[in-house]
Amino acid sequence: MSDPAPSSGRTIRRLPENLVNRIAAGEVVERPASALKELVENAIDAGASQISVRLAEGGLSLIEVTDDGCGMRADEIALALERHATSKLPDEAIELVATLGFRGEALPSIASVARVIIESRAGPSGEAWARVVDHGTVVSDGPAALPPGTRVRVEDLFGKVPARRKFLRSPRAEWAASLDVVRRLALARPDIGFTLEHDGRRALQVQPGDTLAARTAQLVARELHDNAVAVDLVRGDFHLMGVAGLPTYNRGVADHQYLFVNGRPVKDKLMIGAVRGAYADMLARDRHAVLALFLEVPPEEVDVNVHPAKTEVRFRDPALVRGMIVSGLRQALTTGDRRSAQAPDAGAMQAWQAEPIAPMPPPSAAPQSSLFWQAPAARVAEAGQAWRGYEAAVMAPPAARAEPAVEAVTHHPLGVARGQIANTYIVAEAQDGLVLVDQHAAHERLVLERLRAAGAGEGTAPAQALLLPEVVELDEPSCDRLEEAAAELGAYGLALERFGPAAMLVRSVPAVLKGGDVQALVRDVADDLAKNGAALLLGEKRDLVLATMACHGSVRAGRVLSVAEMNALLREMEVTPRSGQCNHGRPTWIKLAHGDIEKLFGRK
């Protein structure tokens, strides 16, 4: 019998313990926020009533978590730094875990890629003990001075792993991720007080014993207190509760949706899809609800071990969970509060948001003729001046206006306005057919092109100074992004200044957007910056912010226009580049040729 083939050096061997821990760290410690999440969850599971977090450079140089929980003895500290050691599984029923986590390799994994100092004292009569581990090596072990509880200090994360360190983002980006982690965990436990400091400055503080509504309003948005409804639905052993924002109070990104299963923050696709389905007929496709939902289910009905970081879960009966979320939200929005989308109040409707975006038509269905001509410079200036003269009246509530005599059809490519349908569509008669114009989509494009042209030229766009500068409260990462982009936004007339850690001061808005909702404008611009990254104002990405600004300065669907205003809009469309499509890719107008109309009536 012949000898087995050589293995070419691929011999199976056991990996050293420090390398095993570093491999595990790749699953658990993706970035500072990941390590922070593990430490704060440990503090919560220890029964803490107060948790204090200190960060430096977004967690890159320092993460410190202090709690007043049950604490640990000296031998338990040593055991906690060993892999697969935990106090969170009293038996082998891994599927019935009732804590936020039980990954035994979390602490040793963090200690393998950073310098970790663990100090703890078990009860008032216990002895405080400290253990220091530097990138997997125990440096010191001895008595310490500490009140009852635990303090874990993580320094120089990935300091000796440059291959991982260079892939981390900037301190400001890591700080935003860490803030989100603490905010979600603080939302999950209103009975626990949280304090968060960053670079020596307090960024978040909530007291223990808050109500769910108060904690949500404090951590998500203050306006949510007056723009939300309570959700409470019970089906057997399943209980759904929380706070759901009205459809008229929405955001441009989905980062303001907080979902929890048995007190655990999750980002589950099933639950996110159910939320989207519940708001489907009440929100535009590019808008997202603001809410905090808490689902309590029996432990045997949910598997929390799907994802290493436990951010995803798997339900035994997903149809039941989806049905509960959809029906619970819709019931609350339609019957729980008369301010819902079916009957919004005036205050909620002031912050107008874009209507649903229809799919872009195929090339064969696109408007065929039309704006491929060169207009004399005098006509461009004249048309723009005419429409801008009408804008003040258009943006104000409609009043009695004298209508001019009916104008005859001339050489205008988009014809002459003959009326308005549903206060949304302009009907115009051209020499070669009938033109239908979506007034909001058309004006949105005109405003965008004006903003774009102003930014491309020398100097800054015309701005409308506010009589009283307006303060817009946002979270700190959003303010950081706006502050970074302040110079570029100022070129378009939106003058912003930092006003404390979590607020921006608005001194002026683009002249074409005067009279709009300043609060909603700044929030949407901040959402665009969060969605598209720091390089948003470079190249074509800049237009996304300008499109958001244009939305807030456009004639709304439902606005009554006079014939003169409709004609002024048509004239400026004829001389504006790309006016055939709105900022979202939809057609702004369509034309029915005389031949097409004759076919409809059987004349041809």
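Taken together, the values in this text are just the output of simple stated rules run on the coordinates, not laboratory data. Quantities reported herein were computed from a predicted structural model and do not represent experimental measurements. Positions of Cβ are generated from backbone atoms using ideal geometry, with glycine treated the same way; all protein chains shown enter the neighbour counts.
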How would you order 58-68, 257-267 from highest to lowest mean count of nearby Cβ atoms within 10 Å? 58-68, 257-267
Spin-label pair GLU223/ARG314, simplified geometry with 7 Å Cα→Cβ offset, distance in nm: 4.1 nm
Of 157-167, 118-128, ordering from highest average Cβ density within 10 Å down gives 118-128, 157-167
With θ set to phi - 60°, apply the Karplus curve 6.51 cos²θ - 1.76 cosθ + 1.60 along the range 173-189 and write out the HN-Hα couplings as whole Hz, x wherever there is a Gly or Pro. 5, 5, 5, 4, 5, 5, 4, 5, 4, 5, 4, 5, 5, 5, 5, 5, 10
Cα→Cβ-extended label distance, 7 Å offset, between ASP596 and ARG418, nm: 1.5 nm
Suppose the chain between ARG201 and LEU15 were pulled fully straight at 0.36 nm per residue; how much longer would it get relative to their current alpha carbon spacing? 62.7 nm
Could you check the simple spin-label distance between LYS160 and ARG586, using points 7 Å along Cα→Cβ, in nm with one decimal? 6.0 nm
Give me the dipole magnitude in Debye, nearest 20, for the range 160-302 about the Cα centre, with unit charges on the beta carbon: positive for Lys and Arg, negative for Asp and Glu. 960 debye
Extension gain from ASP232 to LYS267, taking 0.36 nm per residue of separation minus the Cα-Cα distance: 10.5 nm
Please work out the Cα center distance from the range 418-453 to the range 42-85, rounded to the nearest Å. 61 Å
From phi via Karplus (6.51, -1.76, 1.60), per-residue ³J(HN,Hα) for the range 299-304 in Hz, x at Gly/Pro: x, 6, 8, 9, 9, 9
GLU484/THR211 FRET efficiency (R0 41 Å; Cβ-Cβ; nearest 0.05): 0.70
Could you work out how far the C-alpha centroid of the range 107-147 sits from that of the range 188-235, in angstrom? 31 Å
Under 15 Å from the 7 Å Cα→Cβ point of ARG73, by amide nitrogen: which residues of the range 137-166? none
Stokes-Einstein diffusion coefficient for the range 220-269 at 37 °C in a medium of 0.692 mPa s, Rh from the Kirkwood formula over Cα pairs: what value in µm²/s? 263 µm²/s
Scan around ALA56 for amide H atoms under 5 Å from its own, H built in the peptide plane at 1.01 Å from N, and keep only partners 5 or more places away or cross-chain. SER61, LEU62, ASP199
Starting from the amide H of GLU30, placed 1.01 Å from N in the peptide plane, find each other amide H under 5 Å away whose residue is 5 or more places distant or on another chain. ALA35
